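Comments concern the structure below.
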Amino acid sequence: MITDLSVSTRAGATTLVLGQFKGKKLDKTSAKLNAAAVKAAGRPEATGDLGSLVEAFPEGKSKYKRVVILGLGDKDTFAPGRLRAAGAALARLADRARFTSVQIELDGAFGSLKEAVDEHAAGNAFAEGVGLCAWNYTELRGKATDEPKTSKLSLRASDRDFVAGLQRGVSMAESAGVCRDLSQTPPNIATTTYIADRAMQLAKANPNLKCTVIKGAALEKEGLQGLINVGKASENPPCLIRLEYTPASKAGKETKPAVFVGKTMTYDSGGLSIKVGGSMRGMKRDKDGGCAVFGAMHAIATVIKPERRVVALLACAENSISDEAYRPDDVITFRNGVTVEVTNTDAEGRLVMADALCWACDKEDPAFLIDMATLTGGVVVALGSTFAGLWCDDDDLRKSLQQAAQASGERLWRLPHHPEYNQLMKSPVADIVNSAPVREAHPIQGAAFLSHFVEKGIPWAHIDIAGMHATDKQKGPFNPGPTGFGTRLLAELLAQD
């Protein structure tokens, strides 16, 4: 288990890593670096398929004890983002073989391409792949579990831009790890108060961050009725957590903020519309939209450091059951005057997010507004675990998000938002219902509901990550568990400024 990942500029690595494209011979530059590499690259198993690994062990005088030929996939379609999968494959080998330092020399392979490779982007993706794969959560292992074998891994390279990319990639993977740690923490520990405390700790550790927690009587005063009603059945009180990043420059301090809203349901029992069968298991991850925003703020404060203000709003509550629980047939009046008839207490996330969206529009004067949530099972039916759903009618914001998705490798697919879908949400009693009585356009219903709480003229995007926030099998750089989806996406969005 790799527990310490770093980047070094010193020589002395024990393992050399060279790249080979699918169906191609080892390039001449790489071949000159080590004689054993030529033999390894000529073996039948050296196919060059993405993530394939062939090892050689040099004899005689060699500064390396091991050489690894790393498959880079198809040469004609190569892009730096592909190196996440390659980096993850190397990380798994490093873990098994227990080697601690690698010299990554891919320039020879890159030099054979028709177009020059962005070395910084390549190093960033490679290190993200290593770091994402190396994530482990061991905090709750007890005396019945054997002590895991841990190791350190140091990444090195000769190209300066690639090294700078490695350093950034390690840090970005660390921020994703912050998100994943929070996601993995169980609901008896990761209560609403716990998450608020973690936000306060994050702000304390980073002087460019400030944290405010709106709770108790302040929720009533601010008219945050979604949080109040959804959270009132739980002994863990609901709250709105506000994190603000402020840049050092005067010009940056005067900018309109980017505002991120994260659904942060610490546990979702379904409320009185209780989840049945085994569908309640895993609902500790109903906070993963907020976890992604939390991780993004870590990356923004420590890695990206944009020259604009950024505000994160975590709508935090637990959907529980008691004699205080809100009910189907209740009507809630929101801060902006919209009335909502509750038809399903298991459609609670959109109610707490409505509060945060109202707050963002009223209080923050956002340059743009993005919300992220594990909102619907319908988006999983529509897109599976390949894309997150994106609703965004603002062309500039949508383009920026797609560019950020390209940079982070976290894929988005635009789904429609048309006024006709709003008709599905009409209530015979109030303005709208929180869950329509029909299943048609199910993931779009969530976006249609949320649109009632965003002021016209504010660029807004809704991202449903229900199919992307976790995996139950090894997938690319991810092992089973939370993926941290959204953390790097939002951070890369701010990196474009």
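The values are calculated or read from the model by the stated rules, or taken from the named source; none is laboratory data. These numbers were taken from a predicted model, which means no experiment stands behind them. Positions of Cβ are generated from backbone atoms using ideal geometry, with glycine treated the same way; all protein chains shown enter the neighbour counts.
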A careful count of residues in the stretch 231-274 that are within 26 Å of the chain's Cα centre (by Cα), farther than 9 Å from residue 318 by Cα, assigned to a loop (DSSP other than H, G, I, E, B) and of a type outside the set (Gly, Ala, Ser) gives 5
Only helices (runs of 4 or more DSSP H) wholly contained in the stretch 1-117 count here; list those with 2 or more residues that are farther than 25 Å from residue 135 by Cα, of a type in the set (Ser, Thr, Tyr) and over 32 Å from the mean Cα position of the chain (by Cα). 28-33
Matching residues, the stretch 207-239, being in contact with a Pro (Cβ under 7 Å, 6 or more places away or on another chain) and among the basic types (Lys, Arg): 215
With respect to the numbered conditions (1) crowded, with 20+ Cβ neighbours inside 10 Å; (2) closer than 23 Å to residue 149 by Cβ; (3) hydrophobic (A, V, I, L, M, F, W, C), which one is the sole condition not fulfilled by residue 99? (1)
What is the one condition in (1) in a helix (DSSP H, G or I); (2) surrounded by fewer than 19 Cβ atoms within 10 Å (Cβ to Cβ) that residue 344 does not satisfy? (1)
Checking the structure you have, find out if any residue of the stretch 367-378 is at pLDDT 95 or above, in a loop (DSSP other than H, G, I, E, B) and closer than 13 Å to residue 224 by Cα. no
Which residue pairs have Cβ atoms under 7 Å apart, sit 6 or more places apart or on different chains, and have a first residue in the stretch 341-356 that is in contact (Cβ under 8 Å) with a residue 24 or more places away in the chain and in the same structural domain as residue 260 (by TED's automatic domain parsing) and a second that is aromatic (Phe, Trp, Tyr) and not in a loop (DSSP other than H, G, I, E, B)? 350/449; 354/453
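Based on what the data block shows, is residue 182 of a type in the set (A, V, I, L, M, F, W, C) and buried (at least 16 other Cβ atoms within 10 Å of the Cβ)?
Numbers: of a type in the set (A, V, I, L, M, F, W, C): yes; buried (at least 16 other Cβ atoms within 10 Å of the Cβ): yes.
Here the answer is yes, as residue 182 does meet what is asked.
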Which of the residues belonging to the stretch 479-497 are closer than 16 Å to residue 129 by Cβ and of a type in the set (Asp, Glu)? 492
Name the residues in the stretch 150-166 that are of a type in the set (Val, Ile, Thr) and at pLDDT 95 or above, would you? 163
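Just need a number here: residues in the stretch 359-398 that are β-branched (Val, Ile, Thr) and touching a strand residue (DSSP E or B) at 6+ places or on another chain (Cβ under 7 Å). Break it down into steps so the answer makes sense when it comes.
Of the stretch 359-398, the ones β-branched (Val, Ile, Thr) are 370, 374, 376, 379-381, 386.
Next, from what is left, pick out any that are touching a strand residue (DSSP E or B) at 6+ places or on another chain (Cβ under 7 Å): 370, 374, 376, 379.
So the count comes out to 4.
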Over the stretch 298-308, the set of residues assigned to a helix (DSSP H, G or I) and either touching an Asp or Glu at 6+ places or on another chain (Cβ under 9 Å) or free of Cβ contacts under 8 Å to residues at least 12 places away in the same chain (or both) is 298, 299, 302, 303, 304
Quick one: is residue 396 farther than 28 Å from residue 95 by Cα and part of a loop (DSSP other than H, G, I, E, B)? no
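Among the residues of the stretch 161-217, how many are of a type in the set (Lys, Arg) and within 20 Å of residue 134 (Cβ to Cβ)? Steps first, answer last, please.
Here is the first cut: in the stretch 161-217, the residues of a type in the set (Lys, Arg) are 168, 180, 198, 204, 210, 215.
Checking the rest, the ones that are also within 20 Å of residue 134 (Cβ to Cβ) come to 168, 180.
Selection size over the stretch 161-217: 2.
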